[in-house]
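Heads up, the thing below is written out as structure tokens.
No value in this document is a laboratory result; all are computed from the given coordinates. Keep in mind that this is a model prediction, so the values were computed, not measured. Ideal geometry is used to build each Cβ from the backbone, glycine not excepted, and the neighbour counts take in all protein chains shown.
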Amino acid sequence: MIKNTFEEVLSDEWVKANITNPVQELVIIRGIIPWQKMITKLCKFYNTSQGAFGKSLRMMTAILICIKYYQLSDRQMVKHIKENHYIQYFCNITNEELQTCLDPSSICVFRKRIGEEGVEIIEKEVFEVLRKAGIIQGDNAMIDSSVLKNNVIYPNDVHLIFKAFDKMKQFAVLHQISLWWDNNEVKKLWREFFLNKKQNRLEWLLKFNILFIPALKIFDKKVESLKTTKKKQIKADNMFAILTILEAQTLEKLEGKKQIKNRIVSIDEPDARPIVKGKEHPKCEFGTTMEMTFNREGFMITIENFIGNPNDKTLFAGTLEQFKKRMKGEPENIITDLGYRSNGNFKIADNISNVFLGRKKDVSEEKQSFCCKARSATEGFIAIAKNIRGFGCSLYRGFEGDRIWSLLCQTAYNLKKFIQLLMGEKIEEKKLMKLGLA
């Protein structure tokens, strides 16, 4: 069960004694976030009539936002709650609850419970507050894509097979099954491969594959005859499916193929793909594609994730439609690079005043300088997002994990941008009045 409302649990005396800076970032953000709207919409992920009461939704949503705002791990977040009164105030936690309110694993459980849909609710409510106040404006749509790296080591075909044996061993231990291959032989072979600096990779790949193929066939039978819970059965079936793909791509590699479609680069991150984005360094990154749109002030309007490296030209229509849907109208200017340039995309954006797809001649002379500067700014916004705001590498597993990571980072990114403009006194007073800040 879960409570569908919340109360301010910290007394006025506590706030007066501990919150001495009324313009501290978290104090300002706390006052503009629509907590009750979020809580009401997140209640659907719980049974409202049965079971023990879950952790406060007010506290858990604040924790998810704060983790990405300060780029903390779950464990670091719990530590900071206990040490920082401003974070404690933001998360609405009393002194009595402070030491026992939360275990780091509870944050992970909550993220899994609400999933992508729940995180979208949190991001949307924060975004809508800023949009309705007129702080996020939709005059300009600056579109570009980048790579959201996954937390994987550089792929090695031999290492993937060795990792596959490790996964089958974990399966055997979990279900109390004896190993059906000579594990000592596999480890000995791995040591020899690792110590052989002048190795012929294909020869070693063949040696490992000879051991892997019969082990995988027996693994298939073990999975079919498994008597366990539905959740564990699904996990085992998924693992067998991944290892089957690995077997097929290994055979292609041994046949001498250089380009392998939908190549698995990590067993733990099966949706990660090698993506080349035309940079000098790194030439290739392993993860998923992010399609982002910004406005001229630097707010992130939309973000979408895709497996592999889809052509930017094919993403343009969907991205523009999503931008218009979020901003409740069409932009006056669209700015992209040459990767989006096509006659079809010009036709899609036919109703828009200025469409800059990488060349000055696309727009009128008086708009050329603005569009070129906006295009340069887009690269800066992406650099900030990837190097400072958490978009550089996703630490959550799977494609859904990448999506959750992206949405939470977008929430924190836009709040950081709002605070940056507020502290620089670049927001009009009438807009601040709508937020109750003036």
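Annotations for the structure displayed:
- Residues GLU120 and ILE352, FRET efficiency given R0 of 25 Å [Cβ-Cβ distance, rounded to 0.05]: 0.40
- Additional length obtainable on full extension of the chain from THR314 to LYS221, 0.36 nm per residue less Cα span: 29.3 nm
- Going from the residue with the fewest nearby Cβ atoms within 10 Å to the one with the most, CYS91, CYS284, CYS101 rank CYS284, CYS101, CYS91.
- For the chain, averaging the sequence separation of C-alpha pairs within contact (under 8 Å, six or more residues apart) and dividing by the residue count gives a relative contact order of 20 percent.
- Cβ-derived FRET efficiency at R0 22 Å, GLN322 paired with GLU379, nearest 0.05: 0.55
- About its Cα centre, the dipole of region 12-121 is roughly 280 debye, where the only charges are +1 on Lys and Arg Cβ and -1 on Asp and Glu Cβ.
- Residues whose amide H lies under 5 Å from that of ILE301, counting only those 5 or more places away or on a different chain, are THR293, PHE294, ASN295; hydrogens are built 1.01 Å from N in the peptide plane.
- Gyration tensor verdict on region 12-121 (Cα atoms; rounded if a/c is under 1.5, prolate if a/b is larger than b/c, oblate otherwise): prolate
- With Cα atoms defining each centre, region 390-405 and region 322-372 are spaced 30 Å apart in the structure.
- At full extension, ASP103 and LEU202 could sit 31.0 nm farther apart than now, given 0.36 nm per residue minus the alpha carbon distance.
- 5 angstrom amide H check on ASP144, placed H, neighbours 5+ away: MET292
- Sites GLU247 and ILE388, calculated FRET efficiency, Cβ-Cβ separation with R0 51 Å, nearest 0.05: 0.80
- Region 62-80 and region 116-182: distance between their alpha carbon centers, rounded to Å: 18 Å
- Relative contact order (%) - criterion: Cα under 8 Å, at least six apart; region: region 326-438: 15 percent
- Per-residue ellipticity at 222 nm computed for the chain from its helices equals -18000 deg cm²/dmol, with DSSP H segments shorter than 4 residues left out and the rest contributing -39,500 (n - 2.57).
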